[in-house]
Amino acid sequence: LHVNNFKSFLDLTSKCRFIAINTHDELDKVYNPSQWWSPDTSAVTKQMQSANISTRDVIIAGAETLGGNVAFFTKGFKHASHDKYNLVGAAILGQEAATEHNIPTSPEDIIIITRPDIVFSHAVDFGRLVAVSTLVPYVLMAHHVRSKIGATGGGANDPSEMLMVSSRRYWEMVCLPDSPLPSTGNENFSNDTMPGIGACLRPAASCGWQWAQMLVHGASLLGFQPFLYNTDIKFHLHRLTGEWNNGVMMPLDDGMQSPNQAVLGKVDLTRGASCAVGRRDACPELRGSVTVVPPVSKCWGKTHQVNLNPGNSGMWVCDSSASIDMPCQPSSSIEVSKPKDASPLARPSETSRPKVASALGRPDACDGEIVIFTPLVIDAKEHSIGDRATMVTAVQMVYEICHHRPSRVNTIELGSSIVPVQHGIELSAGSTTWLHQYSAHDTSVPNILARAKAVLVFPTDVLDGRDGRQFEERVLSYAKIVSQTGTHASFTVSSFSYDFTKGSFLPQFPKTVCFRPRSASSCANVLQLTGGTACSEKATTPPPLLQQSLDVVFLLQPKRDSSMVQQTLAWVDARHAAGQIVMGFNAFIYESAYPVGTSTKDFAAAMGRELCKVSALVPVSFVFVPHDFRGGRVKDFGLEVAYLKQIRSIMTKCDASARSRTMLLDNGRQYEPAESKAVALHLDMVFSGLMHYLIISSGGGTPIVTISNQAQHGHLMAELYGKDKSVGTVIAPASILVPDEFSKFLRSAFERRQSLRDTLAVVLPAVLAKARRNFNSIDGCS
């Protein structure tokens, strides 16, 4: 009936997709005059039945037009529970189809649930859905009247099921029959059958129709943040009679002329959304006579209650709409209101990250001491943002894996200095009394290791000899201490490169040590030295001793509430409002990659000249981003900041107006990597010669291009974009020095930015799943 409309919706949303359809054998259910929203289609269905046209025929014909990748299942209305298992059936079918056809899946996959009778006015920006989900575990849903949520009329039936979006983690947690009932303190969940959601989980005590109970109150208790989107998208219900003038996100004033026409464009559901706080004291029937102060969301502001059907129901909705990934307001400027009673209806905080949504569950190690060894060069006054990012990400992830309640975490730096890790972490609990830091030279380290239940070592590059042998010897000694304690603690060497194999200490490590090298080549080298049988790609329980991961920094969570981030994003927003592309720009080139007879001054002059050419031809602004604050890292300039300032000066000398379109991040001051992630999320593209700035940016869905400083830069592009599409995303240092080459490279990158973003959105869930492997051995390996 409208397969071309559906195909245009799919094609513009994502070229890489799999469709699972769970519907009925019958073309339509028996007409019920009391249901005003359902027209009488008996005459049409009778004609189709006479022509021997079944639901299966319609789906198969449509699947051919859609280009395949469709699995479907039909069931009969004759069963009493005909409409109670739609979501459960779709979840089971999607999982089984992926297993049958060897389709890789990840808990971070984005799943869109909709209905087959909908005509879409617009497609959705899938890249943004993926990128934002790495930062905020959301559930997105429609509402009936675009200009108003809840209250009178059809809006009192909010939210709507016409198009719902969340991660595979959420849908399979609540809708697969064999999923265990989650434990959230005193809160109980029900999986009794209910129209529409069937056996999907919902709180035993909640209010509203099934979608409010499941998507607002239930999702909040499980650590997901509900949002109602407010974009221009419209959903027309296309009936067998040909009618399509009823629907959701009313009024249906999109200008669509035919139900089978292509969508009008693409919308971003994550911008301008309204948060719903899932506290069930919005249900008058549950709170009774207790006076309740509306809650205030830390990130999305004040709320008000909206009334819902049936009867005495409601939910808290934020007063103002905002981007889901907007920077949180500084904690000093906002107070979270709490109800006057201590009722469990007020739990949990709407800003908490998932407690039962971790792919790992809550490991036993969280009840004891966990030790994290972080990279070698971290200094309070001058450090590598990349090494610092590894440290911060590791602590963030342990905090998440332990569901915000680790017993004790000890960080020990392989170097000799300590930077308080709290400076780089935004923890919803606010307290870091469980976190303790030590230098590797501290005499208490052996005792700490003897008590540990899990040890995670994040050495980056220091185990393969390039930084000397003392660090390999040190990590080997730690592994031996742990193996000799008899406590059966896990010991994992995570997220590291292993490019040089001569004189290695790896064969001397205890056979119980887990290795998680961050590339296929490093995994092969470790395999050769340890005498293993495979560099496993499988996610087994317990996990294998040797398994390829990806860099842990892909998982870095942003720190949004600093004044630096707020000021930078205000500048970025102003440039976007002026119609400009905004690129994050880092110009680092390793001296070993310089062509013979050239200097850093040559590169500064060439880049400044070429950026001037680009800015004259393309509406673009640049955020210059220093990423390494160690002295002497940049030949001829010493500090990377001085090098970037020189490039900026040359660029603006040839075009004075270009100065207003450039900024130096935080005026060249040292910042936190989590702040860099918060800024990168809002950039259109990033260019960098340093790996960890590329990883920080692409981990949030921002497309990247790079310099062929080392082989690993090209490997990263191929990992993210695929071999063919990565062509043209890497430029050689020598080419930068050739007039016009660098400006052509950047212009081409700008033209491809949306295509690269879309490609990144498809692969990012699998990338994040590999990065999480760095933690899958916290309770031990096979």
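Just a few scattered comments:
- Members of LYS613/LYS725; LYS234/LYS298; LYS75/LYS723; LYS266/LYS559; LYS453/LYS538; LYS266/LYS744 lying beyond 32 Å, as alpha-carbon distances in this model show: LYS75/LYS723
- With both labels modelled 7 Å from their Cα along Cα-to-Cβ, the THR541 to SER54 distance reads 3.8 nm.
- The spacing between region 688-763 and region 275-326, judged by their C-alpha centroids, is 44 Å.
- Inter-label distance, nm, simple model (7 Å from Cα along the C-beta direction), HIS715/ARG669: 3.7
- Extension gain from LYS511 to SER147, taking 0.36 nm per residue of separation minus the Cα-Cα distance: 124.8 nm
- Rounded if a/c under 1.5, otherwise prolate or oblate - region 582-735, Cα gyration tensor axes: rounded
- Whole-Hz couplings from phi, Karplus 6.51/-1.76/1.60, listed for region 671-683; x for Gly and Pro: 9, 8, x, 5, 6, 4, 5, 4, 6, 4, 4, 9, 8
- For ILE731, residues with placed amide H under 5 Å, excluding near neighbours: THR706, ILE707, SER708
- What the phi angles of region 562-574 give under the Karplus curve with 6.51, -1.76 and 1.60, with θ = phi - 60°, is a coupling list of 7, 5, 4, 5, 4, 5, 5, 5, 5, 5, 4, 4, 5 Hz, glycine and proline written as x.
- Its Cα centre serving as origin, region 253-303 has a Cβ charge dipole (Lys and Arg +1, Asp and Glu -1) of approximately 340 debye.
- Potential extension, SER782-VAL763 segment - 0.36 nm per residue separation minus Cα distance: 4.0 nm
- Cα-projected label distance for ALA593 with ASN32, points at 7 Å along beta-carbon direction, nm: 6.5
- Amide H contacts of LYS75 (H built 1.01 Å from N, under 5 Å, at least 5 apart or other chain): THR23, HIS24, ASP25
- Between ASP11 and LYS480, the C-beta separation translates, for a Förster distance of 51 Å, into a calculated FRET efficiency of about 0.35.
- Gain on full stretching of the segment that runs from ARG659 to ASP40 - 0.36 nm per residue minus C-alpha separation: 216.3 nm
- Solvent-accessible area assigned to carbon and sulfur over region 571-695 amounts to 51 percent, based on a 1.4 Å probe.
- Put simply, the amide H of THR303, placed in the peptide plane, has neighbours under 5 Å in SER297, ASP319, leaving out anything fewer than 5 places away on its chain.
- R0 of 56 Å, Cβ-Cβ distance GLU285-ALA524: FRET efficiency to nearest 0.05: 0.35
- Accessible surface, region 674-782, averaged per residue in Å² (probe 1.4 Å): 30
The values are calculated or read from the model by the stated rules, or taken from the named source; none is laboratory data. These figures come from a predicted structure and were not determined experimentally. As a convention, Cβ positions derive from the backbone with ideal geometry for all residues, glycine included, and neighbour counts pool all protein chains shown. Areas reflect the complete protein model, heavy atoms only, side chains present, ligands, DNA and RNA absent. Shrake-Rupley method; radii C 1.70, N 1.55, O 1.52, S 1.80 Å.
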